[in-house]
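**Q** Sharing a structure with you now.
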Amino acid sequence: MLKSQKSTLSLLILPLLAFSLNAQGLLQDYTLQVHTGATIAGDTKVKGTNISADVGNGYVIGIGMGRRVNDNFRLQLEWTYRNMDVDNLVDPSTQWLGSNLALPPGAPSGSGFTGFSSIRDNVNNFEADLSYSSVILNAFYDREINDKFSVFGGLGLGFSVVEASFYGEVKPGVAAISGISPRLILPGDQQGVAFTWQLALGVEYAITKDFNIVATYKYFNPGSVDDLKDLDVSSFEVGVSYLF
C-alpha cells in the first residue's frame, strides 16, 4: 500500500513541475503524457528451485515527456510503475518444505495438509506481489490517418527497479505433522535493477490542437533480477497528452 501511495504521489507532482517549467518557456514543443491501465502477466520461476509464481492481473501508472524529431519520429522518456499480485506459488516437486516433511504412517485426518504442490494452500496469511518501477527511453514512429486520428508503434529500452514480496506461515496442522514450528517458508523478498525493453502499438485522437487521448498496448519485458526469471507482461493503457 505504501509503495502504491508513493507512486501515485509522484504521478501528481511531476505534471505540476512540468507546467511550472513551461511557465518559464523551457518546455516549448515538448509533450507531457500521463496514463494508467491494466496488466496481464505470464508466470515466472524462482531460480535454483522448482517453484513457479502464478502471477495475476495488476495495474500500471506512468508519465512521459517527449519531443518530435520530425514529422514521423518522436522520442519519449517514460517513467512507469507496474504492480501485480501473485495468486499462488507452486512446486510440483513438493520439496518446498524439505524432504523430511512426508506424512508419517497413521497421520490423523483433518490435519490441514492439502498436498505440498500448492504453497498457498499450506500457509496462513499468504501475501505476494511483484512491482516494477521503470525508466525507459521510447522511440516512436507515427502515421497520421486524418486530422484527428494517428497510429504509432515503437521500441523502448531502459531499466527497472524490481521488487518481489513473498510471505506466508506454515499452517499449524502441517507444522504438527512435520514436527517443525511455524515459520516463514516462502522465497525471501527480492529486489534489484534489471535491463528492460518494451514494444508499443497505439492510437491517438486529437481533442484540441494541444490535447490528445492516447490508447496503447505494450509488451513489457522487465528482465531477470536476483532469483527471479524473466516475466512477460502485457499492458493495456489509456491516457492523455498535452503539447506545450
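Every number in this text was worked out from the coordinates using simple rules, so none of it is lab data. Here the structure is a predicted model, which is why all the values come from computation and not from measurement. A quick note on method: Cβ atoms are made from the backbone with ideal geometry, for glycine too, and the neighbour counts reach across all protein chains shown.
**Q** From the residues in the stretch 32-76 that are of a type in the set (Asp, Glu) and outside any strand (DSSP E or B), which one is nearest to Phe236 (Cα to Cα)?
**A** Asp43
**Q** List every residue pair whose Cβ atoms lie under 6 Å apart, where the two residues are 6 or more positions apart in sequence or sit on different chains, the first residue falls within the stretch 158-170 and is free of Cβ contacts under 8 Å to residues at least 40 places away in the same chain, and the second residue, located anywhere, is among the acidic types (Asp, Glu) and assigned to a strand (DSSP E or B).
**A** These pairs meet every condition: Ser165/Asp129.
**Q** Hey, can you tell me all the residues within the stretch 190-244 that are in a strand (DSSP E or B), touching a residue at least 60 places away in the same chain (Cβ under 8 Å), aromatic (Phe, Trp, Tyr) and farther than 30 Å from Ala164 by Cα?
**A** Answer for the stretch 190-244, where residues must be in a strand (DSSP E or B), touching a residue at least 60 places away in the same chain (Cβ under 8 Å), aromatic (Phe, Trp, Tyr) and farther than 30 Å from Ala164 by Cα: just Tyr242.
**Q** Which ones in the stretch 224-244 are more than 18 Å from Asp142 (Cα to Cα) and either among the acidic types (Asp, Glu) or surrounded by fewer than 20 Cβ atoms within 10 Å (Cβ to Cβ) (or both)?
**A** Within the stretch 224-244, Ser224, Asp226, Asp227, Lys229, Asp230, Asp232, Ser234, Phe236, Phe244 qualify.
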